[in-house]
1. Under 9 Å between Cβ atoms, at least 6 apart or on separate chains: pull out the pairs that start in the range 201-223 with a residue that is farther than 15 Å from Val233 by Cα and end on any residue that is in a loop (DSSP other than H, G, I, E, B) and among the hydroxyl-bearing types (Ser, Thr, Tyr).
2. Given the criteria touching a strand residue (DSSP E or B) at 6+ places or on another chain (Cβ under 7 Å) and closer than 19 Å to Asn172 by Cα, does Leu117 qualify?
3. Quickly run through the range 154-178 and pick out the residues that are polar (S, T, N, Q), more than 11 Å from the ligand (Cβ to nearest atom) and touching a residue at least 12 places away in the same chain (Cβ under 8 Å).
4. Take the range 179-219 and flag every residue that is within 13 Å of the ligand (Cβ to nearest atom), closer than 19 Å to Val266 by Cα and in a loop (DSSP other than H, G, I, E, B).
5. Only one of (1) away from the ligand (no atom under 15 Å from the Cβ); (2) surrounded by 18 or more Cβ atoms within 10 Å (Cβ to Cβ); (3) among the charged types (D, E, K, R) is not met by Asp232, so which one is it?
6. For the range 120-174, what are the residues that are among the small types (Gly, Ala, Ser) and touching a strand residue (DSSP E or B) at 6+ places or on another chain (Cβ under 6 Å)?
7. Are any residues in the range 237-263 out of contact with any Asp or Glu (no Cβ under 7 Å at 6 or more places or on another chain) and within 11 Å of the ligand (Cβ to nearest atom), and if so, which ones?
8. In the range 169-222, how many residues are within 18 Å of Cys253 (Cβ to Cβ) and surrounded by 22 or more Cβ atoms within 10 Å (Cβ to Cβ)?
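Derivation of every value follows stated rules applied to the coordinates shown; laboratory data play no part. None of these values were measured; they are calculated from a predicted model. Cβ atoms come from the backbone with ideal geometry, glycine included; neighbour counts cover every protein chain shown.
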Amino acid sequence: MAKENARVIDGKAVAAKVRAEVAWRAAAFARKFGRAPGLHVILVGDDPASQVYVRNKEKAAREAGIAGVAHRLPADTPEDDIVALVRRLNADDTVDGILVQLPLPAGNSEQRVLDQLDPAKDVDGLHPVNAGLLVSGRKALVPCTPQGCMRLIAETGVSLVGARAVVVGRSNLVGKPVAQLLLREHATVTMAHSRTRELDALCRTADVLVVAVGKAQLIKGSWVKPGAVVIDVGINRNDQGKLIGDVEFDSACEVASAITPVPGGVGPMTIACLLSNTVDAAESRRKQG
Ligand code: NAD
């Protein structure tokens, strides 16, 4: 019998749709309030990957009609000065979204810095108030990558009601919030992590499998349930320097019904959802203000 290949979910195309919606909403906001929504990114130090991410965020914001400002601080900036900048941005009414690019240079407490953010401007959704609101099923600013995963799952048309979902990885940035979002859509969610036993058998139970670990091709095609939807969040480089995911793509394609590629799957959705969170934050602050 000929093997059928999974549908490859085109994250770039879905992200383009989200960005077009954001641009439309940002323009409507600017017409109504006389200024564009404002996104401020704090980058401390000269980590090359972070510099690329911040440049991409600035460019994407500009293209969507969002006023993007990057605050680039030297690596040896005292933590108190970073905190002071966050507080200044909290108090500035033209600032709708604040993002602290992680990781901060060693020696800084990321938790202390993130805790200073005004939760209403926390467009990365990492403040404990937003994390708590999400768990309570209330309106929150939700981390961008998990939102992107949900949008890609929705694109497949799969029903999450009663579906078995397995999330591999339990970070505050991806694993935990994506599990909450799946639960909100009535999936039966199991979270797996580095201490999980018999991960292969667990993955085989998943109608929807979301993997956010950071280990190249950890998940084999033979671990995927036939017909499953597979969302691969991982970003790794192979020996040739090529970007690859946490899932063995070719073999998983032979069993899954739909799968995200790396690159071109979840990645493009993260920035798109950041822009969308910024407009959400701008609109909510105006409604409350
Ligand atoms: P993290 O290091 O904070 O968390 C990794 C998780 O994987 C941990 O919870 C750990 O328990 C689990 N884990 C480690 N080894 C495991 C194993 N052998 N079996 C099962 N679980 C294991 O990472 P993160 O911030 O959640 O990111 C995960 C991956 O997603 C990374 O590759 C990162 O680059 C990528 N990422 C991509 C995007 C994007 O936009 N595409 C955004 C964020 C993160």
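1. As it stands, the answer is Leu202/Thr196, since those pairs meet every condition given.
2. Details: touching a strand residue (DSSP E or B) at 6+ places or on another chain (Cβ under 7 Å): yes; closer than 19 Å to Asn172 by Cα: yes.
Answer is yes for this residue.
3. Of all residues in the range 154-178, those polar (S, T, N, Q) come to 156, 159, 171-172.
In the following step, the residues that additionally are more than 11 Å from the ligand (Cβ to nearest atom) were identified as 156, 159.
Result: Thr156, single match.
4. Ala212, Val213, Gly214, Lys215, Ala216, Gln217, Leu218, listed by residue number.
5. The single condition Asp232 does not satisfy is (1).
6. Scanning the range 120-174 gives Ala163, Ala165.
7. Listed by number, the residues that qualify are Arg237, Leu243, Ile244, Pro263.
8. 7
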